[in-house]
Amino acid sequence: MLTLPDRLPADVVSTLVKMSHDQFGIVTRADLAQLDISKHLVTAQLDARRWRELGATVVALHNGPLTLQQQWSATVLSAEGPACLAARTAAQAAGLTGWEVEPVHLLVPRGAKVNEIPELTVKVHESRRFVPADIHPTRTPPQVPIERALIDAAVWSASTRTACGLLAAGVQQRMTTAPRLREELEGAGRVRHRRLLLSVLADIEGGAHAVSELDFLRFCRRHGFPRPQLQVRCDTRGRRRYLDATFRRPDGRLVGIEVDGAIHLVVRTYWNDMERLNDLVIRKRPMLRFPSAYVYADDPVMVAQLRELLQIPDLSQRGAAITA
């Protein structure tokens with residue numbers, strides 16, 4: 001709750017109330033000085049515990065715990081401008097759900113000073129390609145647009161799963177589109193995961209076109225898997241249903257593989273896939289399903305599970321055991 005000193009001029013009160021509203025109850029000492037609120041008065045408010053000091057330059061105009069928006073506002077105000085929320089924090093502020101993160105991600109130009117706020121964990125990203133025009137024109141606290149937020153979050157992720165999942169989530173939650181994300185990614189230049197993310201965006205944009213047959217065949221060659229049969233009819237009820245790939249194990253048993261693209265996020269498609277999977281279970285045919293991003297990223301879990309299903313030993317592990 002906003003707490004103001006007594007006997008402030010009416011125009012100062014009006015300006016301070018508006019500033020507090022725009023900045024979620026958070027101001028800088030420089031803001032207060034510009035309103036001719038003296039250092040002595042600020043110190044008195046802090047000593048009386050009506051206001052809270054958040055680091056060297058930022059003040060909360062109340063004495064309670066910080067809301068999430070106040071944490072974000074305080075983080076941005078603690079830095080030399082321009083500064084704004086970035087990556088997963090900016091995406092969360094824009095409305096993305098399911099990808100919340102504890103550190104506040106802050107974007108600043110290269111070399112900008114950021115004052116510490118002891119009670120907050122802040123991840124500072126310095127960028128040479130950051131100017132005030134990169135900040136969303138209307139959202140508060142200041143933040144990059146959702147396209148840059150998602151691309152930066154994906155590029156800065158060590159995990160390829162996280163990188164792909166963030167882009168898919170942004171499109172699935174109707175916050176942006178694959179073409180807009182591709183434009184942002186291409187503008188970022190040579191960044192981490194670039195080739196992988198371009199492939200994932202093509203898959204998302206393609207809708208019904210999941211990972212291509214050629215991509216899966218290349219994946220199999222890279223990891224020493226036998227060549228599968230592709231698009232094998234698998235239904236016994238007279239309908240045209242197909243598996244993406246079918247392998248024959250050394251014991252002669254057939255096993256199926258499905259590689260799911262963005263179209264599998266559609267409810268009707270998902271239900272149809274469940275019916276098809278049930279048919280295969282009834283017929284006692286093993287089947288594994290993977291997201292297409294796993295193929296693009298050479299996901300080690302996918303590789304390990306395929307080896308186990310196909311009964312193919314991992315020669316690298318055998319070599320390691322013999323050496324030990």
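Among the DSSP beta bridges whose two residues both lie in segment 1-134, what percent are antiparallel, rounded to the nearest 5?
Values: 9 of 15 bridges.
Bridges in segment 1-134 are about 60 percent antiparallel.
Counting only DSSP beta bridges with both residues in segment 52-123, tell me the antiparallel percent, nearest 5. Mind dumping the intermediate values first?
Working: 6 of 8 bridges.
Percent antiparallel among DSSP bridges in segment 52-123 is about 75.
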ask   = Straight-line reach from LYS113: which aspartates and glutamates have Cα under 16 Å away, leaving out those fewer than 8 places along the same chain?
value = GLU80, GLU126
key: Spacing of the two label points (7 Å from each Cα toward its C-beta) at ARG161 and ARG227, in nm   = 3.2 nm
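If packing is taken as the mean number of other Cβ atoms within 10 Å per residue, what is the order of 55-61, 290-296, 82-88, highest first?
Values: 55-61: 19.9, 290-296: 23.0, 82-88: 25.3.
Packing proxy ranking, top to bottom: 82-88, 290-296, 55-61.
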query = Can you list the residues, at least 5 places off or on another chain, whose amide H is less than 5 Å from the amide H of ASP260, using H built in the peptide plane?
reply = PHE290, SER292
key: Hits among aspartates and glutamates - C-alpha to C-alpha of LYS123 under 12 Å, sequence gap 8 or more where chains match   = GLU102
key: Protection-proxy order for peptides 90-96, 301-307, 26-32, 115-121, each taking the mean of Cβ atoms within 10 Å per residue, highest first   = 90-96, 26-32, 301-307, 115-121
note = For GLN143, the residues 5 or more places away or on another chain with a placed amide H closer than 5 Å to its own amide H are LEU85, HIS136
note = Residue separation between THR43 and LEU68 times 0.36 nm, minus their alpha-carbon distance, gives in nm 6.5 nm
Bridge type composition, segment 68-206 - antiparallel percent by DSSP, nearest 5 = 30 percent
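Extension gain ALA33-ARG248, at 0.36 nm per residue separation less the Cα-Cα distance, in nm?
Working: separation 215, 0.36 × 215 = 77.40 nm, distance 7.61 nm.
Between ALA33 and ARG248, full extension yields an extra 69.8 nm.
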ask   = Any idea how far the Cα center of segment 118-167 sits from the one of segment 6-26, in Å?
value = 30 Å
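The numbers here are math on the coordinates, done by the rules we state, and not lab data. Treat the numbers as computed from the prediction; the structure is a model and nothing was measured. Note that we place each Cβ from the backbone using ideal geometry, even for glycine, and neighbour counts take in every protein chain shown.
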